[in-house]
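The block underneath contains the structure these notes are about, expressed in structure tokens.
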Amino acid sequence: MEPAQTWLSEPDRLLHIAASCLVFYVYVVALTRISGKRTTGNMNNFDWIITVAIGSIMASGILLRNVSMLDALVAVSALAALQWLTTWAALRSRRFARLVKPQPRVLLENGRFLPREMAMERVTEDELSAAMRRAGLRGRQFAAWIVMETNGQLSVIPATDEGDPPRGLLSDVAK
């Protein structure tokens, strides 16, 4: 087969792919607007997995001949609905939230690294030091806590002259 035939053997197919891309683009933009900022904000593991799955389904609907556009749209809609229902249930039930979403975890307390917790989250001292530098701290003695949040980001809570920040700030955090 000639190289040109490889690229242009089915012009109708290329038109179908372009039209499918347009349909999916409009659909996903609308779905994202409906589902809210959480869909594209800082994602936790659960959100990330759903996003990857939706992307895979969309690609299948665009490129694979044996997956119709309607099949893919239904699958994307079902995943989006399941994500919405899961988030809705997690907002109403702390027990369910713990089941589907990781808890934040304290990795440094009062300037001391917590090796066990760091190992559980696979975080190094260098990564915590980098987080402290980003927060403008001159050393770990200036950090009250560093927390790994549910989305994998590190929150640095500076030490203050007034003592520890209120414990309620860490009420949802594992340690």
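Laboratory data are not the source of any read-out in this text; all were calculated from the coordinates shown. Because the structure is a prediction, the values reported are computed rather than measured. Note that each Cβ is placed from the backbone with ideal geometry, even for glycine, and that neighbours are counted across all protein chains shown.
With point charges of +1 on the Cβ of Lys and Arg and -1 on the Cβ of Asp and Glu, referenced to the Cα centre of the chain, which listed residue (169, 154, 142) lies farthest in the positive direction of the dipole? So the residue furthest toward the plus end is 169. Assuming charge only on the beta carbon of Lys and Arg (+1) and of Asp and Glu (-1), the dipole of the chain about its Cα centre is about 580 debye to the nearest 20. Here the Karplus curve 6.51 cos²θ - 1.76 cosθ + 1.60, taken at θ = phi - 60°, turns the phi angles of the stretch 79-89 into couplings of 5, 4, 5, 5, 5, 4, 4, 5, 5, 4, 5 Hz, with x standing for Gly and Pro. Between residue 174 and residue 155, the simple label model (points 7 Å from Cα in the Cβ direction) yields a spacing of 1.6 nm. The charge dipole of the stretch 3-99, taken about its Cα centre with unit charges on the Cβ atoms of Lys, Arg (+1), Asp and Glu (-1) only, comes to about 700 debye.
When every alpha-carbon pair in the stretch 42-88 is counted, what percent end up more than 16 Å apart?
Numbers: 416 of 1081 pairs.
Percentage above 16 Å: 38.
The calculated FRET efficiency for the pair residue 25 and residue 82, based on their C-beta separation and a Förster distance of 22 Å, comes to about 0.50. In a reduced charge model with +1 at each Lys and Arg Cβ and -1 at each Asp and Glu Cβ, the stretch 76-158 shows a dipole moment near 280 debye about its Cα centre.
For the stretch 103-170, the relative contact order comes to 34 percent (Cα pairs under 8 Å, sequence separation of at least 6).
Taking every alpha-carbon pair under 8 Å whose residues sit at least 6 apart, the chain reaches a relative contact order of 17 percent.
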